[in-house]
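Colleague: Take a look at the following structure, please.
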Amino acid sequence: MLALQHQEIEPNLYLVVASGRLMIGTGAEKVEEVVRDLVGKGAKAILFDLSGVTHLDSTGIGRFISSLTLAMQSGARMAFAGATPTVRTAFHVTRLDTVFRFYEDKDTAVAALR
């Protein structure tokens, strides 16, 4: 199952902590719901902490693609921090690691998104 928690860590900069499986049948649609909610609140940057994501399939990647589109349409940026090697490989194999911004840790990502 996928769990998502979010908080505003700076004005208009939100951190979304994801943990569990981001796959078909695990609630992956929550990713888009959270992004839609945050851009509705005026988010200018959304950072996903993926350090707790244990599994990711094409459904999960698709949810991030849709979420990036939502963010970009509202002028917000989206980035990832703390992705495990397994998660990074899933993005690399699909060549989407050239589309999404990845940072080693939350602090580095926050500094880049300011």
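FYI, it's all coordinate maths here, none of it is from the lab. Because the structure is predicted, anything quoted here is derived from the model rather than measured. Cβ coordinates were reconstructed from backbone atoms using ideal geometry, including for glycine residues, and neighbour counts include every protein chain displayed.
Colleague: I'd like the distance between the alpha-carbon centres of the stretch 50-74 and the stretch 14-45, rounded to an integer number of Å.
Modeller: When both Cα centres are located, 8 Å separates them.
Colleague: With unit charges on the beta carbons (Lys and Arg positive, Asp and Glu negative) and the dipole taken about the Cα centre of the stretch 2-113, which residue among Val110, Thr26, Ile61 sits farthest to the positive side?
Modeller: Positive-most Cα among the choices belongs to Ile61.
Colleague: Given springs between every Cα pair under 10 Å in a Gaussian network model of the chain, which of Arg63, Arg101, Arg77 has the largest fluctuation?
Modeller: The residue with the greatest mean-square fluctuation here is Arg101.
Colleague: Would you please calculate the Kirkwood hydrodynamic radius of the stretch 21-63 over all C-alpha pairs and express it in Å, rounded to one decimal?
Modeller: Evaluated over the stretch 21-63, this radius sits at 11.1 Å.
Colleague: Considering all alpha-carbon pairs of the chain, what whole percent are spaced by more than 21 angstrom?
Modeller: 26
Colleague: Right, here's the next one. May I ask you to evaluate 6.51 cos²θ - 1.76 cosθ + 1.60, the Karplus curve with θ = phi - 60°, for each residue of the stretch 61-68 and list the ³J(HN,Hα) values in order in whole Hz, giving x for glycine and proline?
Modeller: 4, x, 5, 5, 4, 4, 5, 4
Colleague: Another one. Near Gln5, within a Cβ-to-Cβ distance under 15 Å, what is the net charge of the other residues, with Lys and Arg +1 and Asp and Glu -1?
Modeller: Cβ neighbours under 15 Å give a net charge of -2.
Colleague: Related question: Quick check on the chain: of the DSSP beta bridges with both residues there, what percent are antiparallel, nearest 5%?
Modeller: So the antiparallel bridges amount to about 30 percent of the total.
Colleague: When the helix-only estimate is applied to the chain (DSSP H runs of n ≥ 4, each -39,500 (n - 2.57), divided by the residue count), what is the mean residue ellipticity at 222 nm, nearest 500 deg cm²/dmol?
Modeller: -12000 deg cm²/dmol
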